[in-house]
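The values are calculated or read from the model by the stated rules, or taken from the named source; none is laboratory data. None of these values were measured; they are calculated from a predicted model. In this analysis, Cβ positions are derived from the backbone assuming ideal geometry, glycine residues included, and neighbour counts consider all displayed protein chains.
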Ligand code: TEU
Ligand code: CA
């Protein structure tokens, strides 16, 4: 029998409800032309690796032309490819090649802000105060006698004030770096522009968009002070008007053949507010950051799993399970920290001691937990290799604007963006032939994809097995689950038909429940005992 995975526009089924989506941070994935920076040629060469891993889709971080002040989240042209990454023609080839391997393509879209090198921003600077060009952004006169103070007290999420003054004395708003001016979404021109950008890429065959800062587009036009607040109702986050934007976007995606999707990036404290973005006429899914941020504790994890399922079921959307991405400390490191193993931006706990063996055992168990839960799962490049946060990058090599804008209080996010080790025994570990834009540790010699492919007990082998089983196993993916009564520090649930997942978060072995056979375990079992920080998938009756 010949089987083709090829994706055609009318391939059926809500693929996105339980897709395993692999996140590619292009700069750090694979370098095809030897300049030390990852690119599309590198990705194309590694597509067979991704097909073999067993993923359903790739999400690309921004691939657009960019001065790279914020790793590409500062876009200067939404309709082209960054020249150091490749060309539009290459992107089209990549999309076709991925589809031929059964892999869908999701790209990042950054609607909250542009680069200061975007032609609209350059035109706004040139046109001066009061011009229609300035109305595409948030330009305001300053406060104080001579307008020398910012228009309000908002702070940039990267540190420092959210306003920068231009030569003629006006200030412009930027919730991120001063090279990322925020768009003014009360301006219909901005709406129209993005609808056209969506069509541009849907026409080129992409299967969906990951929406950056999806909650941030609409600002209270009064621009009121927030008096130091960073949570609670904020005049620049989760404003009700933002839903109109996604309703309009959904009409575009629905007008294309196949199932084209939107995945939202919103860090919101309230799961019910969060679920509003996933109503049937808005986005399809969103990243579950409550789960990502949760410490490695059974009770807290059970609570966040339950509340995620509850809030998503209100709107009929599938939950997602995310352990890492390009903004957060890699989870091998988080889970290996003594004491608090949770994550928050306000306190990255950079430099606190890490028991990497412990973190790795927990990361293996966490992989089986996420892949057994109902809904979609994300894999951030390198997590399948068990990579950890690189915390000793020399200051002069750090590139994340967070490092400078917080006056070095926060090391920034470079430590989870170090280029991937593919093979060889020394840096750049076959990332490319011309070094790597951030230094890799020599210790990665034992963690390359080549080294791990040959080892049945490696993290890579675990991910390959688990993703395959997840794809073939009728009980897994979309659907329901039921908790099993268990010891306080154990997570256990069943999925029909005949599947049990059990994770031991205590420090002692616990007995396995009755089972027919063992499908997969994250580490060695001891007879009928599940050791600490280990997960198992069981065939049950
Ligand atoms: O991130 C949104 C965001 O607010 C945080 O994840 C942010 O990275 C953190 O507060 C910094 O400490 C998205 C992207 O994922 C991120 O890489 C971009 O830098 C940001 O938007 C701006 O586009
Ligand atoms: Ca390159």
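A few comments on the model shown:
- Residue list for the range 83-96, filter: surrounded by 16 or more Cβ atoms within 10 Å (Cβ to Cβ) and either in contact with a helix residue (DSSP H, G or I) (Cβ under 8 Å, 6 or more places away or on another chain) or at pLDDT below 95 (or both): 85, 86, 90, 91, 94
- Given (1) closer than 29 Å to residue 510 by Cβ; (2) outside any loop (DSSP other than H, G, I, E, B); (3) out of contact with any helix residue (DSSP H, G or I) (no Cβ under 8 Å at 6 or more places or on another chain), number of the condition residue 340 does not satisfy: (2)
- Residue in the range 117-132 that is within 12 Å of ligand 1 (Cβ to nearest atom) and within 21 Å of residue 217 (Cα to Cα) present: no
- Residue among 205, 216, 159 that is within 30 Å of residue 56 (Cα to Cα), assigned to a loop (DSSP other than H, G, I, E, B) and touching a helix residue (DSSP H, G or I) at 6+ places or on another chain (Cβ under 7 Å): 205
- Residue among 136, 157, 143 that is outside the structural domain of residue 44 (by TED's automatic domain parsing) and either within 16 Å of ligand 2 (Cβ to nearest atom) or under 21 Å from the mean Cα position of the chain (by Cα) (or both): 157
- Residues located in the range 19-60, provided they are assigned to a loop (DSSP other than H, G, I, E, B) and within 15 Å of ligand 2 (Cβ to nearest atom): 25, 29, 30, 31, 32, 33, 34, 35, 36, 37, 38, 39
- Qualifying residue in the range 480-493 (condition: free of Cβ contacts under 8 Å to residues at least 40 places away in the same chain, crowded, with 19+ Cβ neighbours inside 10 Å and part of a helix (DSSP H, G or I)): no
- Residue count for the range 390-433, restricted to those that are under 21 Å from the mean Cα position of the chain (by Cα), touching a residue at least 12 places away in the same chain (Cβ under 8 Å), under 22 Å from residue 344 (Cβ atoms) and within 14 Å of ligand 1 (Cβ to nearest atom): 12
- One residue alone among 67, 111 is in contact with a strand residue (DSSP E or B) (Cβ under 8 Å, 6 or more places away or on another chain), touching a residue at least 40 places away in the same chain (Cβ under 8 Å), closer than 20 Å to residue 156 by Cα and part of a loop (DSSP other than H, G, I, E, B), and that residue is 111.
- Residue that is surrounded by the most Cβ atoms within 10 Å (Cβ to Cβ) [pool: residues in the range 125-138 that are without any contact (Cβ under 8 Å) to a residue 24 or more places away in the chain and assigned to a helix (DSSP H, G or I)]: 127
- Within the range 340-360, the set of residues being touching a strand residue (DSSP E or B) at 6+ places or on another chain (Cβ under 9 Å) and within 17 Å of residue 402 (Cα to Cα) comprises just one member, 349.
- Flag for residue 443 being touching a strand residue (DSSP E or B) at 6+ places or on another chain (Cβ under 9 Å) and not assigned by TED's automatic domain parsing to the domain that holds residue 501: no
- Some residue of the range 236-255 being touching a strand residue (DSSP E or B) at 6+ places or on another chain (Cβ under 6 Å), within 28 Å of residue 342 (Cβ to Cβ) and part of a loop (DSSP other than H, G, I, E, B): no
- Any hit, the range 362-371, residues being in a loop (DSSP other than H, G, I, E, B), crowded, with 24+ Cβ neighbours inside 10 Å and in the same structural domain as residue 431 (by TED's automatic domain parsing): no
- The set of residues from the range 328-361 being under 24 Å from residue 454 (Cα atoms) and surrounded by fewer than 24 Cβ atoms within 10 Å (Cβ to Cβ) comprises 356, 357, 358, 360, 361.
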